[in-house]
1. Going by Cα centres, the range A:17-60 and the range A:114-136 are how many Å apart?
2. Shielding of A:139-151 by partners, i.e. mean partner chain Cβ atoms within 10 Å per residue?
3. In peptide A:80-93, what is the residue-averaged number of other protein chain Cβ atoms found within 10 Å of each Cβ?
4. If a/c stays under 1.5 just call it rounded; otherwise compare a/b with b/c (prolate if a/b is bigger, oblate if not). Do that for the protein assembly as shown, with a ≥ b ≥ c from the square roots of the Cα gyration tensor eigenvalues.
5. Could you list the GluC sites (Glu not before Pro) in the range A:95-204 that lie in coil according to DSSP, counting only those with at most 15 other Cβ atoms within 10 Å of their Cβ?
6. Based on the mean of other beta carbon atoms within 10 Å per residue, what is the order of A:62-71, A:99-108, most packed first?
7. Modelled label-to-label distance, A:Lys106 and B:Trp7, 7 Å Cα→beta-carbon offset: nm?
8. Given the pairs A:Lys241/B:Lys61; A:Lys137/A:Lys192; A:Lys131/B:Lys48; A:Lys192/A:Lys240, which span a C-alpha to C-alpha distance of over 31 angstrom in this model?
Amino acid sequence: MNKRRPNPKQVPDPTEPMWRSTLRVAMPLNLSYIPIGLACGILLHAAGFNTFLTGLVSLLVFSGGGQFLIATMLTINSPLLSIVLMLFFLELRYALLSSSLSPYLKGQSNRFLFIFAVSLNDENYAINYLKFATDKKWTVREALMVEHYSLLFWATSNVIGSLIGSALKIDLSVVHFALTSLFLYMIVMQLKSHLTVLICLVSAVLAAFFMIITKSTLGLVIATIVSSLIGFGLEELLQKKMPDSHWLRRLHSPGSKKSVVEHSDAN
Amino acid sequence: MNAVNNWNSTQHFWLIILGFVVAFIPRFVPLMLFTKRAIPEWFNEWMKFVPVSLFTALVVKDIFIDSSSYGLVLTNYPLMIAAVIVIYIAYRTRSMAVSVVVGLAGVFLLSMFL
């Protein structure tokens, strides 16, 4: 037989409908949302959210970190303003994500940008940024579809988690570590140079210091602002004074496929 | 961690609405502005240190700060060991799901034995 068999991974079938090709792209992310979404739903239930509100917050806030934060702060009886302020600083990082995606969304209507922004998230950003950067045919509609798939899986896992939480008794301190793991994962993915490792340590010390001083999570906000400014200042200084400094050198990271995404904020 | 919250659903609802607003603004405003004009360099340079600083601060809070007294706790060995494991797994696999699942399993087993 001399019929050539195309490699299914390399050559996408042009007749494949868009909903299936985008689902294939989004699937690894969708699956990884399940354990985190379940944990988040359980915690939100323990914090007093009913199942309907758990679904609503997953659709409207759509942020693992943000929703865990809401759950944690509610269980320690933080005031509304404090929760919303903390949430704002937590979500501020999306400013970075959406500005780095903006070159690919030029010329879209404000209505489209609105819909796109609502379901933007760390992880679907990573997928879409990689696709936009490497696949010339990747369209904004496909990007939006990936966002919607991840939103669907996230909200569904949260609702199921909420139902599990109401049916079973679960050790919450263990479940809460899902968030800590998620943050640790995101830190590791952010470590791009020796300088970022240094800023990590600076932020750790400052966070402990300011939280003990202020006796509140406001310390987190102060530590974040101060250490990000230190990082910004140090990098400017190093680039001007000693551009070959080992602090600016890139860190080796396994999984080089993702490196395109890590370059994201260099534009 | 005990559920001691006594807010009602209406209060939760308003929290969600306000949460939506503060989650939406940072996603939408840069997108709206920067699809029409160039991004200021300093803004990007500064913002790229925000996530790593914030996530570290949050991890420190989870592991080393007592959630009611805000005192320093240096004896949370299960969490500390599990955190090191998660960092290693995240570095090797670069998979979010694997990192989270290993973290959960790790802290569950470690807190049984330590």
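1. Going from one Cα centre to the other spans 17 Å.
2. Values: counts 0, 0, 0, 0, 0, 0, 0, 0, 0, 0, 0, 0, 0.
Taking all residues of A:139-151 together, the mean is 0.
3. Numbers: counts 5, 1, 0, 4, 7, 2, 2, 7, 7, 5, 8, 8, 8, 10.
Shielding by partners across A:80-93 averages 5.
4. Working: a/c = 1.42, a/b = 1.18, b/c = 1.21.
In terms of gyration-tensor shape, rounded.
5. Details: sites: A:Glu123, A:Glu142, A:Glu147; in loops: none.
Qualifying residues, ordered by number: none.
6. Working: A:62-71: 25.7, A:99-108: 18.1.
Top of the packing list down: A:62-71, A:99-108.
7. Result for the modelled spin labels: 4.2 nm.
8. Working: A:Lys241/B:Lys61 35 Å; A:Lys137/A:Lys192 28 Å; A:Lys131/B:Lys48 21 Å; A:Lys192/A:Lys240 19 Å.
In this structure, A:Lys241/B:Lys61 exceed 31 Å between Cα atoms.
Here, each number is a calculation from the coordinates, and none is a lab measurement. All values derive from a computational prediction rather than experimental measurement. Note that each Cβ is placed from the backbone with ideal geometry, even for glycine, and that neighbours are counted across all protein chains shown.
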